[in-house]
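The values are calculated or read from the model by the stated rules, or taken from the named source; none is laboratory data. What you are looking at is a predicted structure, and each value in this text was computed from that prediction instead of being measured. Neighbour counts are summed over all protein chains in view; Cβ atoms, including those assigned to glycine, are modelled from backbone coordinates with ideal geometry. Surface accessibility is based on the protein's heavy atoms, side chains included, excluding ligands, DNA and RNA. Shrake-Rupley method; radii C 1.70, N 1.55, O 1.52, S 1.80 Å.
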Amino acid sequence: MVNKKTAWHVTNIALRLLVICLVVAALTALVYAVTVDTIAKGEQERKENAIRLIFTEADSFTEDPSIVGEGVNAVYAVADANGAPLGWCVDYTGVSEYGGDVGMMIGVGTDGRVLGLQVISHAETFIDRYLDGENRYTGVEKTYGVDLSAGATMSYNAIRNAIAAVEKIFATRKVAELDGDDGVFQKEQIDLLFSGAADFSQREDVIDSNVNGICLVKNADGVLLGRCVSYTSLGYGGDMELLLSVLPTGKVDGVLVAAHLDSEMFHYTNDNGLYNGADAVAGATRSHRAIQNAITAVEALQLGGAQ
Amino acid sequence: MKGFLKQLKEGILDNNPTLVQLLGMCPTLATTTSVKNAIGMGLAATVVLIFSNLFISLLRKFIPKQVRIAAFIVIISGFVTMVELLMKAFVYSLYQSLGIFIPLIVVNCIILARAEAYASKNKVLPSAVDGLAMGLGFTFALILVATVREIVGNGTFMGLSLFGDGYAPALLFIMPAGAFLTLGFVIAAVQKIRNMGQDKERMEKLSKLEEEAEKEETV
C-alpha cells in the first residue's frame, strides 16, 4: 500500500518532468514555425535547380500526375523554350540500407533512359564519394576513381536501385502505351526498319492475339517494301513490345525492340534498339527467346502478297 | 574576469574535452575529413552546449534529482533539434555535409557530462561560460585533427589546394583508420606539451627541496 506522501512525491517528479518537456516542445515549435517556410522554399529551389542541372535547356516543367510508382513523390514533364518535350524529372525518395532516406531528382529522357541524377537530401555519411560538387551522381567512386559497379557500399546501392526502379516505371509505362489494339508506329522506327520508307498509313487487319497492329510500308513510288508488325512477346521481366519488318515474301527482315522490362536486353540490341542477331547469351536466354518466338510467330502468319 | 579567462583556458587547454577527457570521439573521428566540416560541427556543438548549460542551470533547482538525466536529455535534444532546423534553413550546404552527425550531437558525451558535472551545480553565467569553454575546446580539437587529415589526405585546407595537381594524397588519412591514427598522434602530442610544462614545475620543486636539504645538512 503506497502512502500518500510517496504518491505525491512521485506525482511531483512526473509533473516537473512534464513541465520541462512542454517548455522544450514549445521552444522547438517556435523555432520550427520560424524556419518552416524557409526550409520549404529552399527545398523547392533545390528541386528546380536540380531539374535545370539535369536538363540544361529546360524552360518549363509541369507536374505529370499520370506517372506514379513506389518511391515517386512527383514527376515533372520538362520542356524547352519552344515547348518541345525534353523528358521527365522524377522527385524520388530512395532508401539506403543504412536505413535513411535519400531524396533524389532523376532525369529521364524521352526514350525512358535515365540521363542524370542529383541527390537533394540525405543522411548518408559516405554518399558524397559518388557525387560531384553539384551533388550529381557521377557513376564513379570519387575518392578512388574506381566505378563501384559491384555495389560495394550501401549508399551506392541506394542510387543504383533508384535508377533501376525509375527506368522500370518508365519502361512499364511505355510497354502499356504500345500494347494497344492498333499498334503504334513512329516514323523514326519505320525508317530504322525500312530503307526508303515514305508511307505507312495503310493498316491491315490484326489476325493474332499477340499482334497489336500491322501497317503496310511503301516507298515514294508507292511500291510495297513490306509490312511492319507491332508484336507483344513475353520476356524475362514482362511484356516486350517489338516491331518486326516483314518482307513481301513473309520473311522477317529486322526486329526493333520498342519497349521492354528486361535488364539484360543490351546483349541483343544496338543503341537504337535494333536486334543485332546475337545468339543467346548465358543468363539472358529468356530475352533472346522472346525475340526468337516473335520472329517465328510472325513468319508463321505468312503475311505476303504485293498490293 | 580572471575566473572567466581561467574557465576558458580550462576548457580549451588544461581540461580539453576531447584531447584530455577523451569525450566526443565519434564526431571527432567522423567529421574531421575537412576543416570546414570540423568548424561547422564544433560550432553547432558549442551552441548546444551553451544553451543547454544555461537552461539546465536555470532549472537546476526545479529538476528533480531522481530524473535529472532524463530531463537533461530532453533539454539537450530540444536544443539539438532547434540547431538542426536553423542549419537546414540558413546553412543548408553545411547541414548536408554534416548529415547524420547533427542529430547525433544529442548523444555527445561532452554535453551530458558538463550538464551533470557543472551546469546542474552552478549558477547561470558560469555554466554558460563553461559551455562556451568546452565547446571551443571541442572545436579546437576538431580543427587540429581535421587540419592534419585534410592537408595530408587531400592536399587541401578549407577546400583550397595547397600543393597543386601533382600532389598524390595519402588517402589513408581521410579513411576511418587514418582518423584514429591522427587523433592518437594529436593526443600524444598534446599530452607531451602538457607534461613538459608539468615536468618543468616538478623539476623546479625537486631542485628547491634538494637545496633546502643541502642547507639543513651544512647547518
**OP:** Would you please name the residue that is nearest to A:A259 (Cα to Cα), looking only at residues in the stretch A:177-204 that are surrounded by 13 or more Cβ atoms within 10 Å (Cβ to Cβ) and either modelled with pLDDT under 80 or hydroxyl-bearing (S, T, Y) (or both)?
**Re:** A:L178
Original post:
Which one is modelled with the highest pLDDT, of the residues in the stretch A:234-247 that are in contact with a strand residue (DSSP E or B) (Cβ under 6 Å, 6 or more places away or on another chain) and surrounded by fewer than 23 Cβ atoms within 10 Å (Cβ to Cβ)?
Top reply: A:L247
Original post:
Which condition number in (1) modelled with pLDDT under 80; (2) closer than 25 Å to A:N73 by Cα; (3) open to solvent by 40 Å² or more (accessible area, probe 1.4 Å) is the one that A:N157 fails?
Top reply: (3)
Original post:
Say we look at the stretch A:184-232 and pick out the residues that are charged (D, E, K, R) and part of a loop (DSSP other than H, G, I, E, B); which of these is farthest from A:Q302 (Cα to Cα)?
Top reply: A:D221
Original post:
Residues in the stretch A:254-276: is at least one over 24 Å from the mean Cα position of the chain (by Cα), in contact (Cβ under 8 Å) with a residue 12 or more places away in the chain and farther than 21 Å from A:K174 by Cβ?
Top reply: no
Subject >> Conditions (1) under 16 Å from B:L23 (Cβ atoms); (2) among the polar types (S, T, N, Q); (3) in contact with a strand residue (DSSP E or B) (Cβ under 9 Å, 6 or more places away or on another chain): number failed by B:N108 >> reply: (3)
**OP:** Taking B:F90 as the residue in question, decide whether it is within 13 Å of chain A (Cβ to nearest Cβ), among the aromatic types (F, W, Y), more than 17 Å from the chain's Cα centre (by Cα) and open to solvent by less than 30 Å² (accessible area, probe 1.4 Å).
**Re:** no
Subject >> Selection from the stretch B:54-72 of residues that are assigned to a helix (DSSP H, G or I) and under 20 Å from B:V124 (Cβ atoms) >> reply: B:L54, B:F55, B:I56, B:S57, B:L58, B:K65, B:R68, B:A71, B:F72
Original post:
Which one is surrounded by the most Cβ atoms within 10 Å (Cβ to Cβ) among residues in the stretch B:41-69 that are free of Cβ contacts under 8 Å to residues at least 12 places away in the same chain and facing another protein chain (nearest Cβ under 10 Å)?
Top reply: B:P64
Original post:
Which residues, taken from the stretch A:33-62, are modelled with pLDDT of 90 or more and either part of a strand (DSSP E or B) or basic (K, R) (or both)?
Top reply: A:K41
Subject >> Exclusive hit being within 14 Å of another protein chain (Cβ to nearest Cβ), surrounded by fewer than 19 Cβ atoms within 10 Å (Cβ to Cβ) and without any contact (Cβ under 8 Å) to a residue 24 or more places away in the chain, set A:V24, A:V36 >> reply: A:V36
Original post:
Do the conditions hold for B:A38, that is, is it under 16 Å from B:A179 (Cα atoms), in a helix (DSSP H, G or I), more than 14 Å from chain A (Cβ to nearest Cβ) and open to solvent by less than 40 Å² (accessible area, probe 1.4 Å)?
Top reply: yes
Original post:
What's the number of the condition A:G304 fails, among (1) modelled with pLDDT of 85 or more; (2) within 20 Å of A:F185 (Cβ to Cβ); (3) open to solvent by 20 Å² or more (accessible area, probe 1.4 Å); (4) not hydrophobic (A, V, I, L, M, F, W, C)?
Top reply: (1)
